[in-house]
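Working notes, beginning with the structure itself.
The values are calculated or read from the model by the stated rules, or taken from the named source; none is laboratory data. Remember, predicted model here, so these are calculated numbers, not experimental data. Using ideal geometry, Cβ is built from the backbone for each residue, glycine included, and neighbour counts are taken over all protein chains shown.
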Amino acid sequence: MQVSVENTSALERRMTIAVPAERVETEVNKRLQQTARRAKVPGFRPGKVPMSVIRQRYEDAARQEAFGDLVQASFYEAVVEQKLNPAGAPAVEPKSFEKGKDLEYVAIFEVFPEFTVAGFDSIAVERLSAEVADADLDNMLEVLRKQNVRFEAADRAAQNEDQLNIDFVGKVDGEVFAGGSAKGTQLVLGSGRMIPGFEEGLVGAKAGEERVLNLSFPEDYQNLDLAGKAAEFTVTVNSVSEPKLPELNEEFFAQFGIKETGIDGFRTEVRKNMERELRQAIKTKVKNQVMDGLLAANPIEVPKALLENEVNRLRVQAVQQFGGNIKPEQLPAELFEEQAKRRVVLGLIVAEVVKQNDLKPDEARVREMIQEMASAYQEPEQVVAWYYKNDQQLNEVRSVVLEEQVVDTVLQKATVTDKSVSYEEAIKPAQAPAAD
């Protein structure tokens, strides 16, 4: 087999492969013999059809089948021989496939970039530390109460945080516009669900009252047909209900799967959850800084095939998350290209750090991570056992641990500054990663 390789760009390779005619004919004859054993031809018993008849009827199909298999096999042999690492399937251009002659074709494909990860010492990381104070715990209990608020009918004028049941009709230029009317809608005043001025205009209203609100849609309103336009809303208030926060009692605790422990036991469980969230938030912020630093210090070219695959994965995820009748391929690729490129580049860099440092998942850390996740459940032992019975889930945890080990490897040489902050600041979502 003859192979020649041309570098057409930093990552693209144009490989010409010639497979000897003898090998081609051997593959074609092998298929014809297989066909002869099962072919049903009028006038002949199965298995007794002359090869000349078989060849006349089936040689073209056998040759095409042999072409596909030979291309696949010879391409694999060639990349191994040439020590190439394809990043995707090749585009194949046949050059010669005539009977009695060598099979010759061109395979065009990209290879993974070859690079050494460097620049650990140029990375600066701010590592936060914080504790869950009693005041933080008290605030969280209030958040939990508000999340479980109930509304009871109130015989008074509406206030902020009240829930109103309303009917409304919206008009622009005297005409009712699509989507601008509803009946029996529940609206919490101050929630910011409606356009500016709508909720404020209902403060002080009572059940049975009708109000006319003259408002304007924001200039950046998502519906461009309505953006910036003046509108009139006729609103009928059907009922006014006031919020009632639940008491911190056994009934409330039971909603969270915590029974017969009293307020002290409930506070202990909530504190554990907050501390778990705090550890994860700090770890995530450190990781993001390390990954941003690796990206900045190691600019590499991305194989188009990997980028396209990642874009398609993100498209599928978007459809699964938001639903609707849209197909993934209908979503514009440019919506996902920046995120896809970041993920692909980081994947390549992380894999190279693992390779350069001969890293393997620390099984003690794997178990520790599983136990940490399991501690949020009522039966943690069952959760741990479930992970160790499911190879796919277990390998996902191993991948996360391996990524953490990559972060630790970088931190050994990076410039790390420790900073004490409040719980609220520590768990505040990090800013979006810088675009590459």
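For segment 196-203, indicate whether the set of residues that are out of contact with any helix residue (DSSP H, G or I) (no Cβ under 9 Å at 6 or more places or on another chain) and either among the charged types (D, E, K, R) or farther than 21 Å from I166 by Cα (or both) is non-empty.
From segment 196-203, those out of contact with any helix residue (DSSP H, G or I) (no Cβ under 9 Å at 6 or more places or on another chain) are 196-203; that's our starting set.
Keeping just the survivors that are either among the charged types (D, E, K, R) or farther than 21 Å from I166 by Cα (or both) gives 199-200.
Yes, the conditions are met somewhere in segment 196-203.
Of these, N249, N223, which one is under 35 Å from the mean Cα position of the chain (by Cα) and modelled with pLDDT under 95?
N223
Within segment 133-146, is there a residue that is outside the structural domain of G88 (by TED's automatic domain parsing), under 27 Å from F253 (Cα atoms), in a loop (DSSP other than H, G, I, E, B) and modelled with pLDDT of 95 or more?
Yes - at least one qualifying residue is present in segment 133-146.
Looking at the structure I just gave you, is P299 in a loop (DSSP other than H, G, I, E, B) and surrounded by 13 or more Cβ atoms within 10 Å (Cβ to Cβ)?
Values: in a loop (DSSP other than H, G, I, E, B): yes; surrounded by 13 or more Cβ atoms within 10 Å (Cβ to Cβ): no.
It is false that P299 is in a loop (DSSP other than H, G, I, E, B) and surrounded by 13 or more Cβ atoms within 10 Å (Cβ to Cβ).
Within segment 60-88, track down each residue that is hydrophobic (A, V, I, L, M, F, W, C) and surrounded by 11 or more Cβ atoms within 10 Å (Cβ to Cβ). Walk me through how you get there before you give the answer.
If we filter segment 60-88 for residues that are hydrophobic (A, V, I, L, M, F, W, C), which is where we start, we get 61-62, 66-67, 70-71, 73, 75, 78-80, 84, 87.
Selection gives A61, A62, A66, F67, L70, V71, A73, F75, A78, V79, L84, A87.
Among the residues of segment 245-278, what is the count of those that are of a type in the set (K, R), in contact with a helix residue (DSSP H, G or I) (Cβ under 8 Å, 6 or more places away or on another chain) and surrounded by 13 or more Cβ atoms within 10 Å (Cβ to Cβ)?
Going through segment 245-278, the residues of a type in the set (K, R) turn out to be 259, 267, 271-272, 276.
Filter again for in contact with a helix residue (DSSP H, G or I) (Cβ under 8 Å, 6 or more places away or on another chain), leaving 259, 267, 271, 276.
Retained after the next criterion (residues that are surrounded by 13 or more Cβ atoms within 10 Å (Cβ to Cβ)): 267, 271, 276.
Of the residues in that region, 3 qualify.
For V290, only one of the following conditions fails: (1) in a helix (DSSP H, G or I); (2) in contact (Cβ under 8 Å) with a residue 24 or more places away in the chain; (3) farther than 14 Å from T409 by Cβ. What is its number?
(3)
Return the total of residues in segment 255-269 being acidic (D, E) and either under 20 Å from Q147 (Cα atoms) or at pLDDT 90 or above (or both). Show your work before the answer.
Initially, segment 255-269 is screened for residues acidic (D, E), giving 260, 264, 269.
Those still in the list that are either under 20 Å from Q147 (Cα atoms) or at pLDDT 90 or above (or both) too: 264, 269.
Qualifying residue count, segment 255-269: 2.
Scan V49, V28 and give me the residue that is among the β-branched types (V, I, T), crowded, with 16+ Cβ neighbours inside 10 Å, at pLDDT below 95 and over 46 Å from the mean Cα position of the chain (by Cα).
Details: V28 fails: over 46 Å from the mean Cα position of the chain (by Cα).
Unique residue meeting the criteria: V49.
Determine, yes or no, whether T409 is touching a helix residue (DSSP H, G or I) at 6+ places or on another chain (Cβ under 9 Å), closer than 29 Å to A305 by Cβ and hydroxyl-bearing (S, T, Y). Spell out how you get there, then give the answer.
Details: touching a helix residue (DSSP H, G or I) at 6+ places or on another chain (Cβ under 9 Å): yes; closer than 29 Å to A305 by Cβ: yes; hydroxyl-bearing (S, T, Y): yes.
Criteria met by T409.
For E98, are the conditions met, namely being without any contact (Cβ under 8 Å) to a residue 60 or more places away in the chain, surrounded by fewer than 16 Cβ atoms within 10 Å (Cβ to Cβ) and either assigned to a loop (DSSP other than H, G, I, E, B) or touching a strand residue (DSSP E or B) at 6+ places or on another chain (Cβ under 9 Å) (or both)?
When the stated conditions are applied, E98 passes them.
Suppose we keep only residues that are surrounded by 16 or more Cβ atoms within 10 Å (Cβ to Cβ) and among the β-branched types (V, I, T) within segment 211-242. Which one would you say is nearest to R156 (Cα to Cα)?
Per the stated criteria, the residue is V240.
Look at G208 and say whether it is in contact with a strand residue (DSSP E or B) (Cβ under 9 Å, 6 or more places away or on another chain), surrounded by fewer than 17 Cβ atoms within 10 Å (Cβ to Cβ) and modelled with pLDDT under 95. Walk me through it before giving the result.
On the way: in contact with a strand residue (DSSP E or B) (Cβ under 9 Å, 6 or more places away or on another chain): yes; surrounded by fewer than 17 Cβ atoms within 10 Å (Cβ to Cβ): yes; modelled with pLDDT under 95: no.
Against the criterion (in contact with a strand residue (DSSP E or B) (Cβ under 9 Å, 6 or more places away or on another chain), surrounded by fewer than 17 Cβ atoms within 10 Å (Cβ to Cβ) and modelled with pLDDT under 95), G208 does not qualify.
Based on this model, can you work out whether G190 counts as closer than 12 Å to V235 by Cβ and outside any strand (DSSP E or B)?
Working: closer than 12 Å to V235 by Cβ: no; outside any strand (DSSP E or B): yes.
Judged against the criteria, G190 is not a match.
State all residues of segment 179-214 that are among the hydrophobic types (A, V, I, L, M, F, W, C) and either out of contact with any Pro (no Cβ under 7 Å at 6 or more places or on another chain) or not assigned by TED's automatic domain parsing to the domain that holds A157 (or both); if no residue qualifies, say none. Write out each step before concluding.
At the first step, the residues of segment 179-214 found to be among the hydrophobic types (A, V, I, L, M, F, W, C) are 182, 187-189, 194-195, 198, 202-203, 205, 207, 212-213.
Correct list: A182, L187, V188, L189, M194, F198, L202, V203, A205, A207, V212, L213.
Based on what the data block shows, is L128 surrounded by 14 or more Cβ atoms within 10 Å (Cβ to Cβ), outside any helix (DSSP H, G or I) and under 37 Å from the mean Cα position of the chain (by Cα)? Steps first, please.
Values: surrounded by 14 or more Cβ atoms within 10 Å (Cβ to Cβ): yes; outside any helix (DSSP H, G or I): yes; under 37 Å from the mean Cα position of the chain (by Cα): yes.
Criteria met by L128.
Under the condition of being touching an Asp or Glu at 6+ places or on another chain (Cβ under 7 Å) and touching a residue at least 24 places away in the same chain (Cβ under 8 Å), which residue from segment 236-273 is farthest from A133 (Cα to Cα)?
Out of the qualifying residues, it is T236.
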